[in-house]
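Worksheet for the structure shown next.
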Amino acid sequence: MIHPEIPPNQQLVNDHRWPVVGEKLPRCDHDPWTITIAGEVESERVVPLSELTSMPLVRRQIDVHCVTRWSKLKMSFTGIPLLDLIHHCDSKPVWNASARFVSFVARSDRSHSTSLPLQQVIALDPLIAVQAEGKPMATEHGGPVRMVVPGKYFYKSVKWIERIEFLEDDRLGYWEADAGYHNNADPWREERYIAATIGKQEAARLIEQRDFSGRELMSLQAGGRDLQQLNARGAMLRNADFRNANLRGANFAHANLSNAHLHSADLRRADFRGADLEGADFSGADLRAADLRNASLFGCSFGVIDAKGAVTDVAVMDAMTKIGRDAVDALTSEQRALVENQRPELV
Ligand SMILES: Nc1nc2c(c(=O)[nH]1)N[C@H]1C(S)=C(S)[C@@H](COP(=O)(O)O)O[C@H]1N2
Ligand SMILES: [Mo]
């Protein structure tokens with residue numbers, strides 16, 4: 001269904017589900033949790049979590065939109081508005097005139113981070129959240145304390161926040177620098193990814209050779225191509241375009257096809273075992289005898305459902321199509337029904 005409050009090409013996740021995306025745990029560290037306000041500020045401040053939670057807490061309803069096409073509307077988060085925290089001691093802002101960006105850094109093994117322009121921080125008024133849906137934030141969702149930034153794809157909301165740094169120049173975050181995620185991340189403008197990582201000529205050569213294994217090919221344009229028996233094992237093909245392509249017998253095992261466009265592709269006997277298919281579009285595709293075991297399917301589409309609920313372009317499956325039961329449960333109820341009607345083998 002299309003809802004006016006859902007940004008383009010997002011779908012609502014089933015009621016009680018909240019997918020875990022990205023890192024699952026904070027860094028193992030026994031020091032008491034603190035949040036450091038640093039960088040272009042008058043003086044660095046280290047705020048213990050206990051001090052933070054003794055400040056007045058607010059409860060807000062915030063719509064969550066993940067770049068892999070799932071949304072959860074009106075989630076209830078409780079915490080301290082970041083702007084309150086940074087005005088906490090003195091009444092004037094703590095940052096220096098030179099500050100133009102804010103970097104949010106996690107207490108995690110890869111020191112995961114993301115950033116926002118200071119003006120957007122002021123406009124969006126992010127929450128430093130300690131509870132979700134009235135319960136303490138679960139560890140895998142960023143507990144004890146995470147950022148929740150309204151109005152952006154959820155990758156701008158860092159889990160396990162421990163450092164908030166004011167910067168003169170932007171410092172790209174983990175997904176933005178390494179995975180080609182769009183730095184502005186506005187879901188209403190579908191700012192998901194930056195452009196392809198390789199040029200047209202190199203793409204043409206790889207398509208000719210039909211070997212993408214292990215390569216980084218984000219946003220590759222391969223619509224309508226003959227790629228029968230393609231070897232794309234372990235390839236990074238986020239946001240790749242394979243619409244109407246012939247991919248019979250292709251090997252996509254362990255590939256990353258999140259948000260890939262596979263509309264009307266011929267995927268008979270294709271191997272997607274262990275692939276990341278979050279947000280991929282399979283509507284109109286031929287998935288007979290395809291193997292999707294151990295693939296993750298959050299936000300996947302297997303048919304087009306219009307505003308009135310009418311269904312078109314349903315992907316074709318048969319009794320030889322293999323697909324994980326858990327993965328099917330993660331689909332929206334409408335998408336799940338489309339899959340179940342095709343009677344694939346649920347394993
Ligand atoms: N520390 C940390 N924060 C993170 C990530 C991550 O990998 N590490 N992933 C981001 C992404 S892409 C999303 S969609 C959300 C997911 O939050 P959730 O797992 O609570 O749904 O966290 C964001 N914050
Ligand atoms: Mo995400």
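Looking at the stretch 202-236 only, could you name the residues that are on the phi > 0 side of the Ramachandran plot and at pLDDT below 95?
Within the stretch 202-236, G214, S219 qualify.
Just to be sure I understand, how many residues within the stretch 18-73 are open to solvent by 70 Å² or more (accessible area, probe 1.4 Å), at pLDDT below 95 and under 18 Å from the mean Cα position of the chain (by Cα)?
0
Please specify each residue of the stretch 290-326 satisfying the condition of being open to solvent by 20 Å² or more (accessible area, probe 1.4 Å), without any contact (Cβ under 8 Å) to a residue 60 or more places away in the chain and among the aliphatic types (A, V, I, L, M).
Passing the criteria: V304, A310, V311, V314, V316, A319, M320.
Scan the stretch 225-244 and give yes if some residue there is open to solvent by less than 10 Å² (accessible area, probe 1.4 Å), under 23 Å from I305 (Cα atoms) and touching a residue at least 12 places away in the same chain (Cβ under 8 Å), otherwise no.
Yes, some residue in the stretch 225-244 is open to solvent by less than 10 Å² (accessible area, probe 1.4 Å), under 23 Å from I305 (Cα atoms) and touching a residue at least 12 places away in the same chain (Cβ under 8 Å).
Would you tally the residues in the stretch 134-160 being within 8 Å of ligand 1 (Cβ to nearest atom) and either basic (K, R) or over 26 Å from S258 (Cα atoms) (or both)?
Residues that pass the stated criteria total 3.
A quick yes/no check of all residues on (1) without any contact (Cβ under 8 Å) to a residue 60 or more places away in the chain; (2) surrounded by fewer than 22 Cβ atoms within 10 Å (Cβ to Cβ); (3) within 16 Å of ligand 2 (Cβ to nearest atom):
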position: L124; (1), (2), (3): yes, yes, no
position: P144; (1), (2), (3): no, yes, no
position: P150; (1), (2), (3): no, yes, yes
position: A179; (1), (2), (3): yes, yes, yes
position: N184; (1), (2), (3): yes, yes, yes
position: E190; (1), (2), (3): no, yes, yes
position: I194; (1), (2), (3): yes, yes, yes
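For the stretch 2-16, how many residues are surrounded by 14 or more Cβ atoms within 10 Å (Cβ to Cβ) and either part of a loop (DSSP other than H, G, I, E, B) or hydroxyl-bearing (S, T, Y) (or both)?
Matching residues across the stretch 2-16 total 6.
Here are some residues: S103, S108, S115, S157. Which one is within 16 Å of ligand 2 (Cβ to nearest atom), modelled with pLDDT of 95 or more and farther than 29 Å from H16 by Cβ?
Going through S103, S108, S115, S157 in turn, just one is within 16 Å of ligand 2 (Cβ to nearest atom), modelled with pLDDT of 95 or more and farther than 29 Å from H16 by Cβ: S115.
Residue under question is A185, and the condition is that it be within 16 Å of ligand 1 (Cβ to nearest atom), among the small types (G, A, S) and in contact with a helix residue (DSSP H, G or I) (Cβ under 7 Å, 6 or more places away or on another chain); does it hold?
yes
So Q335 passes all but one of these: (1) part of a helix (DSSP H, G or I); (2) without any contact (Cβ under 8 Å) to a residue 40 or more places away in the chain. Which condition number does it fail?
Of the numbered conditions (1) part of a helix (DSSP H, G or I); (2) without any contact (Cβ under 8 Å) to a residue 40 or more places away in the chain, the odd one out for Q335 is (2).
Mind listing whichever residues of the stretch 327-337 are closer than 18 Å to D271 by Cα and surrounded by fewer than 20 Cβ atoms within 10 Å (Cβ to Cβ)?
Listed by number, the list holds a single entry, V328.
The values are calculated or read from the model by the stated rules, or taken from the named source; none is laboratory data. Source: prediction; values computed, not measured. Here the Cβ is made from the backbone with ideal geometry for all residues, glycine too, and neighbour counts use every protein chain on show. Keep in mind that these areas ignore ligands, DNA and RNA; they rest on the heavy atoms of the full protein, side chains included. Shrake-Rupley method; radii C 1.70, N 1.55, O 1.52, S 1.80 Å.
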